[in-house]
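See structure below.
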């Protein structure tokens with residue numbers, strides 16, 4: 001089988017992002033993804049079609065095979081969808097994503113930050129305030145994901161007031177610091193401000 005190996009563990013969103021990366025930089029004329037979930041296969045189909053691939057899907061023994069073929073229109077996709085920096089600013093106010101179970105919230109936050117860096121239109125900056133600063137310090141389970149955002153050129157800033165409040169000022173390991181005046185300015189200047 002050409003292209004991808006089995007993508008079975010569908011609960012990990014990184015797989016979809018990985019498939020997108022491979023389709024954006026194709027080394028072959030055909031790729032085949034194999035999954036064991038019909039809904040996930042449809043997501044892969046839709047993504048591939050949106051990127052100008054020809055798609056053929058079939059089921060065999062409970063598994064879904066998605067064949068994706070390069071077309072001449074793939075060049076058009078790259079012309080109209082070049083990777084770029086948007087003018088959005090993301091403000092993260094908590095160490096978990098949403099309210100409820102902390103373990104689930106931590107998993108969702110990692111997924112959110114990972115996928116934030118996978119699109120063709122990266123945010124201009126990510127600002128960490130209140131308990132959100134706990135994500136940018138030693139021991140944070142998402143430091144590697146935030147560092148990857150920073151390495152891609154996304155500005156990462158943590159509130160110096162909040163770091164000081166939680167006694168974490170000397171434990172910052174990714175990004176820089178800023179006071180509220182700077183953060184407010186960046187929020188106002190951003191075309192869209194997304195608060196998590």
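Just to be sure, is residue 98 outside any helix (DSSP H, G or I) and free of Cβ contacts under 8 Å to residues at least 40 places away in the same chain? Yes; evaluated as a whole, the condition is true for this residue. Note on the stretch 57-109: among residues that are within 29 Å of residue 150 (Cα to Cα) and in contact with a helix residue (DSSP H, G or I) (Cβ under 6 Å, 6 or more places away or on another chain), the one that is modelled with the lowest pLDDT is 98. Checked against (1) touching a residue at least 24 places away in the same chain (Cβ under 8 Å); (2) buried (at least 16 other Cβ atoms within 10 Å of the Cβ); (3) farther than 19 Å from residue 161 by Cα, residue 133 passes all but condition (3).
The set of residues in the stretch 161-179 being more than 11 Å from residue 128 (Cβ to Cβ), outside any loop (DSSP other than H, G, I, E, B) and touching a strand residue (DSSP E or B) at 6+ places or on another chain (Cβ under 7 Å) consists of 171 alone. Scanning the stretch 41-56 for residues that are under 19 Å from the mean Cα position of the chain (by Cα) and either part of a strand (DSSP E or B) or modelled with pLDDT of 80 or more (or both) yields 43, 44, 46, 47, 48. The single condition among (1) crowded, with 18+ Cβ neighbours inside 10 Å; (2) under 14 Å from the mean Cα position of the chain (by Cα) that residue 115 does not satisfy is (1).
The values are calculated or read from the model by the stated rules, or taken from the named source; none is laboratory data. Here the structure is a predicted model, which is why all the values come from computation and not from measurement. Positions of Cβ are generated from backbone atoms using ideal geometry, with glycine treated the same way; all protein chains shown enter the neighbour counts.
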